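> Handing you a structure now.
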Amino acid sequence: MEILFQNVWLVPSFPFLASVLLGLVLFFLPSSIRSIRRICFFISVSFLTIAMFISIYSFWQQIMGSPIHQFFWSWIINKNVIPEIGYLIDPLTSIMLILVTTVGVTVMIYSGSYMFYDQGYIRFFCYLSLFTASMLGLVLSPNLIQIYIFWELVGMCSYLLIGFWFTRPNAANACQKAFVTNRVGDFGLLLGILGFYWITGSFEFQDLSERFLELLGHNRINIVFASSCAILLFLGPVAKSAQFPLHIWLPDAMEGPTPISALIHAATMVAAGIFLVARMFPLFEMLPLVMNLISWIGAITALLGASIAMAQRDLKKGLAYSTISQLGYMMLALGIGSYKAGLFHLITHAYSKALLFLGSGSVIHSIEPIVGYHPNKSQNLSFMGGLRKHMPITAVTFLFGTLSLCGIPPFACFWSKDEILVDSWLRFPFLGFLAFLTAGLTAFYMFRIYLLTFEGDFRGQLSDEYRIHPSISIWGNNPLLMGNEKDKINTVSSLNGVVNKNISYPKESDSIMLFSLIILTIPTFFIGLIGGVSAQKQNHFNSLSNWLHLSINSLNNIHYENFMEFFRDAIPSISIALFGISIAFYLYGPKIFRMKISKIEKAQYIEFDLKSIFIFLYNWSYYRGYIDELYDLLFVKNLRFISKSLSFIDQWIVDGIVNGTGILSFFGGEGMKYTVGGRISSYLFFLVSCMFLFFLYSYII
């Protein structure tokens, strides 16, 4: 076992080696890319699978009570500073290793089919392996310097993968937006790291907490300065985990391939910010102001993400705002001190959201040949519907992920989300109210997405005949979605004069993609039971180490009374989720679930009354709370104006003074050349001219 822990550095080394090998293939064998793409796929998957088995064994040893292991090597030897590199193996590291590797392997297998006909197939797996290696290196890091190095590598890989289809203007803009937004957070992170080194003289996580506590006990720390450093450091997780107000990059990042959305923007990269806050939790816990800020940022982000997701028509962007909202839940849990609940939700959400994104990729992959390959069509909920009949396995797995995210027992997210709701309500009732409200909105928008995608009738034919398509209202009253099929076709033909009789329907995805969906369904269904049941039996612990140690025997100690008590406590969260689902069924469900449309709903299509609060809320949600427009006005346009102004000043004032001085010197020199050339005739001419001008001036005056 000791040999394994001494060689755990192999976990990030294997995917890094795979990335290097694929890069060499791209460089030296560009003409053989088509023939060896399967070999490159096998290299990527097999190397990451080896890393996954090492991670699973390490995770098992932690469950069995293995102690924390740290290994260091001196990087630079100096009298004052000795930076070290190494790795740290503790319960938090073990959980993150198994999370990244299991989701990574599943996504790679899925991508082997999803990306097979893409020209950048090998380049995709090269970037993907490099990203996985960077993320694994980040979670193994024992100090802030090493974390910062891998933090930047993760950001670079995210930039490359979001802009994978860089010939699309939207993809190119999205990767730049993600890169610039994360630079804001990374700059704050760097300042925070340097600030804490100034205070404690160490970058190591364990030394940081111990020295900070010692200095705090002797009143040798300026609390204002320490809190400022902590807030600056927290800026890094705010950007990386898409927290308000630096959340704007994540929805646009959906321009990348769908497997990237599943791996980076649902399960791993955005989890890096949560991981860092969890790693710094012992230090943050000594600063109440910082903990309050973290909890409020998390609550606001959770509510904002859920509110905006309610009216999104893009399937992947709706899931992206759902990710933002759930990350807010995790940050809220860490901010109120519920360390275990936050990390538990990180695990359950990662598998559930990866399943949802891969399910959305299956849908997009199937309807692209019918509606078109542009994201405005293939990801548009307006052109979906009725897919459960044609893609039953995708529909069932997507439904499982939806139920999990809604917090319906016994699915994974129910156990973690319920714990966050209870803890937030007990510690800060108003934050608890916001969390419960967000839970209801989550159930509503997730079932809205499911119903518009898989229930009803297929609307893909409308992409050709009804290009300027009406919006699918948040209230569900769309004349093209109601009535029987004959009425719909007559509606379309009356608008266009053509009835499309040859309607194509999507087909179920291939077995490789479905295999990945089924594999992710297993943890989505069962993984919540491990932490949830053990939490009810052992309610006295609050550290992840104890949770791991106790969970191995938790299933052997379940009593009927514990279950009944737990479900009684969970009644409010289940009730709010069911209420949100009921509203979604009322507005978007099959005709049997609908009631008579109210006058307010009809008014949306008869006349857009700007005074209506419902229309205002719908527009606010659809246009992302107008936050992007606000940032564009405050930052982009102002920066461009300032840049143009500085360019004008530089070109016409600064350069003008220099150039004007040169021109005056030139003409002055030229004039003096003729007046002081030593010729008497020139002197006489100059003298007579001056006298003439003098007499002329005197005469005029």
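The values are calculated or read from the model by the stated rules, or taken from the named source; none is laboratory data. Given the structure is predicted, the values throughout are model-derived calculations rather than measurements. All Cβ positions, even for glycine, are placed from backbone atoms using ideal geometry, and neighbour counts span all protein chains on display. Protein only, heavy atoms only, side chains kept; ligands, DNA and RNA dropped before computing areas. Shrake-Rupley method; radii C 1.70, N 1.55, O 1.52, S 1.80 Å.
> Arranged from highest to lowest average of other beta-carbon atoms within 10 Å per residue, in what order do the peptides 29-35, 449-455 appear?
The densest-packed peptide leads the list: 449-455, 29-35.
> Can you pull the percent of region 313-387's accessible area that's carbon plus sulfur, 1.4 Å probe, other chains left in place?
Here carbon and sulfur together make up 51 percent of the probe-accessible area.
> To two decimal places, what compactness ratio does region 113-180 give when its Cα radius of gyration is scaled by 2.2 N^0.38 Å?
Compared with the compact-globule rule of thumb, region 113-180 sits at 1.24.
> Here's another thing I want to ask about it. Taking only protein heavy atoms into account and a 1.4 Å probe, give the accessible area per residue of region 150-233 in Å².
49
> Here is a follow-up. Enumerate the calculated ³J(HN,Hα) couplings along region 59-65 in order (Karplus 6.51 cos²θ - 1.76 cosθ + 1.60, θ = phi - 60°), each rounded to whole Hz, writing x wherever the residue is Gly or Pro.
Per-residue couplings from phi come out as 4, 5, 5, 5, 4, 7, x Hz.
> Are any of the pairs 240/644; 353/507; 240/353; 177/377; 377/417 more than 27 Å apart by Cα-Cα distance, and if so, which?
240/644; 377/417
> What is the gain in length, in nm to one decimal, between residue 187 and residue 60 on full extension, counting 0.36 nm per residue of separation less the C-alpha to C-alpha distance?
Length gained, residue 187 through residue 60: 42.0 nm.
> Okay, next question. Counting only protein heavy atoms and a 1.4 Å probe, tell me what percentage of region 9-53's accessible area is made up of carbon and sulfur.
In region 9-53, the share of accessible area belonging to carbon and sulfur is 81 percent.
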